[in-house]
There are 2 protein chains.
Amino acid sequence: MLELRLVQGSLLKKVLESIKDLVNDANFDCSATGFSLQAMDSSHVSLVALLLRSEGFEHYRCDRKLSMGMNLGNMSRMLKCAGNDDIITLKADDDSDTVTFMFESATQDKISDFEMKLMDIDSEHLGIPDAEYQAIVRMPSAEFARICKDLATIGDTVVISVTKEGVKFSTAGDIGTANIVLRQNTTVDKPEEATIIEMNSLVSLTFALRFMNSFTKATPLSNTVTISLSSELPVVVEYKIAEMGYIRFYLAPKVEDEMEGD
Amino acid sequence: MLELRLVQGSLLKKVLESIKDLVNDANFDCSATGFSLQAMDSSHVSLVALLLRSEGFEHYRCDRKLSMGMNLGNMSRMLKCAGNDDIITLKADDDSDTVTFMFESATQDKISDFEMKLMDIDSEHLGIPDAEYQAIVRMPSAEFARICKDLATIGDTVVISVTKEGVKFSTAGDIGTANIVLRQNTTVDKPEEATIIEMNSLVSLTFALRFMNSFTKATPLSNTVTISLSSELPVVVEYKIAEMGYIRFYLAPKVEDEMEGD
DNA sequence: GACGTGAACT
DNA sequence: AGTTCACGTC
C-alpha cells in the first residue's frame, strides 16, 4: 500500500513539465526515504535524477519498496488536470498495475481521481558516486536558461569555462560567435540573484545546447541552479526543490577534437 | 576602427525588428555624421532609410567611412540576445570582415560579445532629394498601425486622401469596402495624440497595404508617425527616433487605372 | 488568456 | 517546403 499526499501539488506538476520532454518512460521508486526517479533520456545521452524526500509530504505511507513504471507523457497529461493549488495524493496498491492520482481543490469542493496503467520498464539503476568537482557555479536559474536559449540561436554547443572571477559561456556557429561572461557576484541584495563560484581548478568543458535547453525546463522549480563541472565527469545541473529534494541532470562533456558533433 | 556605444540598446533592437522583415541584407554606413542605412526591400519596391546621428551615442568613434554589409536576420538574432536595458557597443576594425556587438547588462555583471561575419553587398545608394509635399499628416503611430491592419482585412490597397479637415483611409475588397476618416485634431492634451495636417493641395493616392503593414513594424520607435504625400512622388512614412534620427520608408503610389495590382 | 511569431519536425 | 508545436508578448 502506497499513499503519498503532497499539499503543494504544483511541485509535482512542475517536475513532470521539466522531464517529460526528455524522458518518455521511467520507473518511479518509492521507499521509506522518499519518492525518486532515475532515468536516461530517450536518446540515452543524458540522465535525470529526481528525489522528493518523504518528509516533504504531508502524509507518506510506503509499506514496502515499490517501483512503478510510468509513461511520463501520460502522467503529465493527467497532472495537467490538477489545479495549481490542488493537493495531490498518489495511491497504489501492492501488486497493482495501476496508480491513482487524486486531486483535491483548495476549497475541497472538487475532488478528482485519475487512474493510470503502469508499465514494465527495465531500467538499470546506476549508482552515481559523489564526486569532487573542479568548479561549482550557483547562479539564478532564469539567467542560466536565458543564456542557453540565446546561445542556441547561434550554435549547437556551449563551452562553459570557469575562473575565479566568473563563468564564461561560449558558442560558435555559421553566422558568428558569442561569449557571455557572468561575473562572480555575491553582494547582491537578494541571495537568489547572486552568482557564486567555488573553484578548485580552472575548467572548460563543452556540452550540447540541445540538452542544456531541455534541462532548463526545470527553471520554475527553483530560483537558482547549481552547475558542477569536472573534466572527465558529466556536468550536474541541479535544481533544488524546496523542503523536498532536487532534480539533477547529468550530461557528459563533448570530446573537444571530435570531427563532427551530433 | 569603429566603436559606437549606445546606452539605450533597446533602440537598436527595435530598429532591427522594424526592418528585418522588409530587407534581408543591407549595408550599414558609418561616418563622422552617424550610423545609417539605405536599402530597397527584397522585392525592390519600397525603400528604407535609417539615420542614427553620432550625437545620440554615448561614445562615437569612426576613424573613416565604413560600409558594413550585414544579414539583418542574423543581426536581429544576435540583438535578441541583448537585454532591453543593456548598453550595446558596436565595434569593427578597419578592413575586418566581422563586426562585434557587445552587450553590457545594467548591473555590469553580465557582459556578452557577439561576433558576426560581414558580407559584400552591392547597393546603389540613391540620393533622395528633399521635396515639397502636397500634404503632410502627423498622427499617433499606433493609430496608423491599427488603421493599416484593419484595412488589410478588407482589401489589398489603401487610398489615402487628405483635405484640410482630415485624412481618409479607404479600401475595397471582395467582402465590402471601408473608409476611415481622421479629423484634424490639435487640441488634445498630449501632443503625441494629435492629428495634424499640413496641406498645400488636395491629394489622394493609392498604396499597397502589404508594405504599409511592414512599415508599421517601426511603431515601437515613436509615438507619432509622419506621412508625406505628393502625386508622382513616393510616400514617406517617417518615425522619428528620439535624440538620434529617424527611420523613413518610401513607397511609390499605385497607378490608379491599372487593370490588376500586385 | 489569446494572438502572433519563431523553431522543430515530417 | 509545409505543418505543427512551443514560446513570448499583448
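Scan B:43, B:76, B:123, B:67 and give me the residue that is assigned to a helix (DSSP H, G or I), hydroxyl-bearing (Ser, Thr, Tyr) and either more than 16 Å from DNA strand D (Cβ to nearest atom) or within 14 Å of chain A (Cβ to nearest Cβ) (or both).
Values: B:43 fails: assigned to a helix (DSSP H, G or I); B:123 fails: assigned to a helix (DSSP H, G or I); B:67 fails: assigned to a helix (DSSP H, G or I).
None of the others qualify; the one that does is B:76.
Go through region B:32-48 and report how many residues are open to solvent by 20 Å² or more (accessible area, probe 1.4 Å) and in contact with a strand residue (DSSP E or B) (Cβ under 8 Å, 6 or more places away or on another chain). Explain how you work it out, then say what you get.
Step one: filter region B:32-48 for residues open to solvent by 20 Å² or more (accessible area, probe 1.4 Å), giving B:32-33, B:36, B:38, B:40, B:42-45.
Still in the running and in contact with a strand residue (DSSP E or B) (Cβ under 8 Å, 6 or more places away or on another chain): B:32-33, B:36, B:38, B:40, B:45.
Of the residues in region B:32-48, 6 are open to solvent by 20 Å² or more (accessible area, probe 1.4 Å) and in contact with a strand residue (DSSP E or B) (Cβ under 8 Å, 6 or more places away or on another chain).
Please report, ordered by residue number, the strands (runs of 3 or more DSSP E) entirely within region A:202-243 with at least 2 residues that are farther than 14 Å from residue A:255 by Cα. First the steps, then the outcome.
Values: elements: A:203-208, A:224-229, A:235-241.
Answer list for region A:202-243: A:224-229, A:235-241.
Specify which of the listed residues (A:161, A:170) is crowded, with 17+ Cβ neighbours inside 10 Å, touching a helix residue (DSSP H, G or I) at 6+ places or on another chain (Cβ under 9 Å) and under 21 Å from residue A:228 (Cα atoms). It would help to see each step written out before you state the result.
Numbers: A:161 fails: touching a helix residue (DSSP H, G or I) at 6+ places or on another chain (Cβ under 9 Å).
Criteria check complete, one pass: A:170.
With modelled with pLDDT of 95 or more and either not hydrophobic (A, V, I, L, M, F, W, C) or not assigned by TED's automatic domain parsing to the domain that holds residue B:167 (or both) as the only criterion, which of B:226, B:216 stands out? Lay out the reasoning, then the answer.
Values: B:216 fails: modelled with pLDDT of 95 or more.
When all the criteria are applied, what remains is B:226.
Of the residues that make up region A:205-228, is at least one more than 21 Å from the chain's Cα centre (by Cα) and either open to solvent by 40 Å² or more (accessible area, probe 1.4 Å) or within 16 Å of DNA strand C (Cβ to nearest atom) (or both)?
So the first thing to find is which residues in region A:205-228 are more than 21 Å from the chain's Cα centre (by Cα), and the list is none.
No, that holds for no residue.
Is it the case that region A:237-252 has a residue that's modelled with pLDDT under 95, more than 22 Å from residue A:129 (Cα to Cα) and surrounded by fewer than 21 Cβ atoms within 10 Å (Cβ to Cβ)?
So far as region A:237-252 goes, yes, one or more of its residues are modelled with pLDDT under 95, more than 22 Å from residue A:129 (Cα to Cα) and surrounded by fewer than 21 Cβ atoms within 10 Å (Cβ to Cβ).
Looking at region A:54-70, which of its residues are open to solvent by less than 10 Å² (accessible area, probe 1.4 Å) and over 15 Å from residue A:24 (Cα atoms)?
Residues of region A:54-70 that are open to solvent by less than 10 Å² (accessible area, probe 1.4 Å), as a first pass: A:68-70.
Within region A:54-70, none qualify.
Are there any pairs, at least 6 apart or on different chains, whose C-beta atoms fall under 6 Å, with the first in region A:116-138 and touching a residue at least 12 places away in the same chain (Cβ under 8 Å) and the second open to solvent by 100 Å² or more (accessible area, probe 1.4 Å) and not in a loop (DSSP other than H, G, I, E, B), and if so, which?
Going by the 6 Å Cβ cut-off, the qualifying pairs are A:136/A:198.
Of all residues in region B:83-115, count the ones that are more than 9 Å from chain A (Cβ to nearest Cβ), in contact (Cβ under 8 Å) with a residue 60 or more places away in the chain and part of a loop (DSSP other than H, G, I, E, B).
5
Among the residues of region B:81-91, is there at least one that is of a type in the set (Val, Ile, Thr) and within 16 Å of DNA strand D (Cβ to nearest atom)?
Within region B:81-91, the first condition is being of a type in the set (Val, Ile, Thr), and the residues that meet it are B:87-89.
Pick out the ones that are also within 16 Å of DNA strand D (Cβ to nearest atom) and you get none.
There is no residue in region B:81-91 that is of a type in the set (Val, Ile, Thr) and within 16 Å of DNA strand D (Cβ to nearest atom).
Name the one entry in B:83, B:127, B:73 that is within 16 Å of DNA strand C (Cβ to nearest atom), open to solvent by 10 Å² or more (accessible area, probe 1.4 Å) and of a type outside the set (Val, Ile, Thr).
Numbers: B:83 fails: within 16 Å of DNA strand C (Cβ to nearest atom); B:127 fails: within 16 Å of DNA strand C (Cβ to nearest atom).
Going through B:83, B:127, B:73 in turn, the sole match is B:73.
Mind checking whether some residue in region A:176-192 is of a type in the set (S, T, N, Q), open to solvent by less than 30 Å² (accessible area, probe 1.4 Å), in contact with a Ser or Thr (Cβ under 8 Å, 6 or more places away or on another chain) and not assigned by TED's automatic domain parsing to the domain that holds residue A:18? Can you show your working first?
Initial filter on region A:176-192 (of a type in the set (S, T, N, Q)): A:177, A:179, A:184-187.
Okay, now just the ones that are also open to solvent by less than 30 Å² (accessible area, probe 1.4 Å), so A:185.
After this cut, where a residue has to be in contact with a Ser or Thr (Cβ under 8 Å, 6 or more places away or on another chain) as well, the list is A:185.
Next, from what is left, pick out any that are not assigned by TED's automatic domain parsing to the domain that holds residue A:18: A:185.
The answer is yes; a qualifying residue exists.
What do you reckon, is residue A:15 under 22 Å from residue A:114 (Cβ atoms), part of a loop (DSSP other than H, G, I, E, B) and among the β-branched types (Val, Ile, Thr)?
Working: under 22 Å from residue A:114 (Cβ atoms): yes; part of a loop (DSSP other than H, G, I, E, B): no; among the β-branched types (Val, Ile, Thr): yes.
No: the conditions fail for residue A:15.
Does residue A:51 satisfy being surrounded by 19 or more Cβ atoms within 10 Å (Cβ to Cβ) and in contact (Cβ under 8 Å) with a residue 12 or more places away in the chain? If you could, list the steps in order and put the result at the bottom.
Values: surrounded by 19 or more Cβ atoms within 10 Å (Cβ to Cβ): no; in contact (Cβ under 8 Å) with a residue 12 or more places away in the chain: yes.
For residue A:51, the condition - surrounded by 19 or more Cβ atoms within 10 Å (Cβ to Cβ) and in contact (Cβ under 8 Å) with a residue 12 or more places away in the chain - is not met.
Filter region A:139-149 down to the residues that are within 14 Å of another protein chain (Cβ to nearest Cβ), in contact (Cβ under 8 Å) with a residue 24 or more places away in the chain, within 16 Å of DNA strand D (Cβ to nearest atom) and not aromatic (Phe, Trp, Tyr) and list them by number. Lay out the reasoning, then the answer.
Going residue by residue through region A:139-149, those that are within 14 Å of another protein chain (Cβ to nearest Cβ) are A:139-140, A:142-149.
Imposing the further condition that a residue be in contact (Cβ under 8 Å) with a residue 24 or more places away in the chain reduces the set to A:139-140, A:142-145, A:147-149.
Next, from what is left, pick out any that are within 16 Å of DNA strand D (Cβ to nearest atom): A:140, A:142-145, A:147-149.
Scanning region A:139-149 gives A:140, A:142, A:143, A:145, A:147, A:148, A:149.
Return the only residue of B:91, B:65, B:20 being within 16 Å of DNA strand C (Cβ to nearest atom) and of a type in the set (D, E, K, R). Before the answer, list the steps.
Values: B:91 fails: within 16 Å of DNA strand C (Cβ to nearest atom); B:65 fails: within 16 Å of DNA strand C (Cβ to nearest atom).
Unique residue meeting the criteria: B:20.
The values are calculated or read from the model by the stated rules, or taken from the named source; none is laboratory data. As the structure is a computational prediction, the values presented were derived from the model and not from experiment. Cβ: placed from backbone, ideal geometry, glycine included. Neighbour counts: every protein chain shown. Heavy atoms of the whole protein, side chains included, go into the accessibility calculation; ligands, DNA and RNA do not. Shrake-Rupley method; radii C 1.70, N 1.55, O 1.52, S 1.80 Å.
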